[in-house]
Structures are given as C-alpha cells and as structure tokens.
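Pasting a structure here, questions to come.
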Amino acid sequence: MPTLFQRYATPFITGLFLVSLISGIALFFHFGSAYFHGMHEWLSMVLIAPFLLHIWKNWRPFLNYLKRPPMAIASGLSLAAAVAFAVPAMTATTGAGGNPLVAVSQAITGSTVANVAPLFGHTPETLSAALQEKGLTVSSTESTIADVAKASGIGERDMISYLASSRK
C-alpha cells in the first residue's frame, strides 16, 4: 500500500508545476509582476520537496532514463542554456547587467531630497513638506533619501514607495 507521501508526490508536482508555469509566463510577459514574483519564487522552492519524493518513488524507472541518450542530451542542452544566461551576467563589467530598477532605486536613495524633488514634480521644500506630512523625518533638503529613511525608521524600499505616493 502506497504511503501518504507516495500518493501525493505526483499530484503536488503537477499542481505546483502549473502554478510555476502560469506565474513564469506572466513574469516573462511582465503581466502582474508584483503579484506573481513572490508566488513564483516561493512555490518553485516548495516544488523541490514533491519532486524529490517523485524521484524517490520512481527511482528504478529514473535509473533507466539515466542509462539512455535522451537524458544525457536533455541534461546537456539544459546545462548549456543555463550557462548561456548565467555567464554574461557573471562576467558583466560594473554598471552592466543586473536589474536596472535596482540601479535606479539606488541612485534615488543616494541622492538628496533637493536633487530628487523634480523627479516627483516638487521643489525641494514641497517634497520635504510632503514627506513630513506622511510622518517621515526630513532634517534638511540636503539629506539623502537613505538618510531620511534611516531617520524615519523605514527601509529604503519603503522610502521609494513614499516618494512615489508623493508624486504630483
């Protein structure tokens, strides 16, 4: 009689694969990225457990796959595709590669309130006032956005949200 794990390994692989498939397609086409990013990452990690249970349950047939050329060919092509994506990112010179939104966010948080204000339709004084109205601590228009975040007890990512909501 199959164990509980053996009965549920394949159904969970199927369900989690479908979640990963749909969220991956949405991410690829930049549709609802805010909704699908965390789901895709976390549930893909959860998929590891039923995958391992599936391999364990089907170990003998899996060994037969390992003895035949299609598994070697598929594994080799998969590895080559992964390397084709990884190597350029790993060997990129400073400033190239990576998420461009992270670079923009870092540029903003490293800038002063005065320098960032025009990006959000403000003068330095009106941006400072708008942030203070939201309960943030702005000691000077020459303070960096990172300094405002730190003084206000919030993270830089949250600070970007406050700036965006202050946009005129």
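Residue farthest toward the positive end of the dipole of the chain, with Cβ of Lys/Arg at +1 and Asp/Glu at -1: which of LEU27, ALA89, MET45?
MET45
How large is the dipole of the chain about the Cα centre if only Lys and Arg carry +1 and Asp and Glu carry -1, each at its Cβ, rounded to the nearest 20 debye?
That gives a dipole near 1020 debye.
How many angstrom separate the Cα center of the stretch 1-75 from the Cα center of the stretch 80-153?
The distance from the Cα centre of the stretch 1-75 to that of the stretch 80-153 comes to 37 Å.
I've got another one for you. Run the quick spin-label model on PHE85 and VAL102: label points 7 Å from Cα toward the beta carbon, then report their separation in nm to one decimal.
Taking the two extended label points, one gets 1.5 nm.
Also, I was wondering about something else. Any idea what the relative contact order of the chain is, in percent, if you count C-alpha pairs under 8 Å spaced at least 6 apart?
15 percent
State which helices in the chain qualify, where a helix is a whole DSSP H run, it must extend 18 Å or more along its own axis by its Cα atoms, and its mean Kyte-Doolittle hydropathy must be at least 1.0.
4-28, 69-90
So for the stretch 119-168, taking the charge dipole from beta-carbon charges (+1 Lys/Arg, -1 Asp/Glu), which of SER165, SER152, GLY135 sits furthest toward the positive end?
It is SER165, whose Cα lies furthest towards the positive end.
Could you state the orientation-averaged shadow area of the convex hull built on the Cα atoms of the chain, in nm² to one decimal?
14.6 nm²
Values in this text are rule-based calculations from the coordinates and carry no lab data. Treat the numbers as computed from the prediction; the structure is a model and nothing was measured. Quick reminder, even Gly has a Cβ in these numbers, built from the backbone with ideal geometry, and neighbours come from all protein chains shown.
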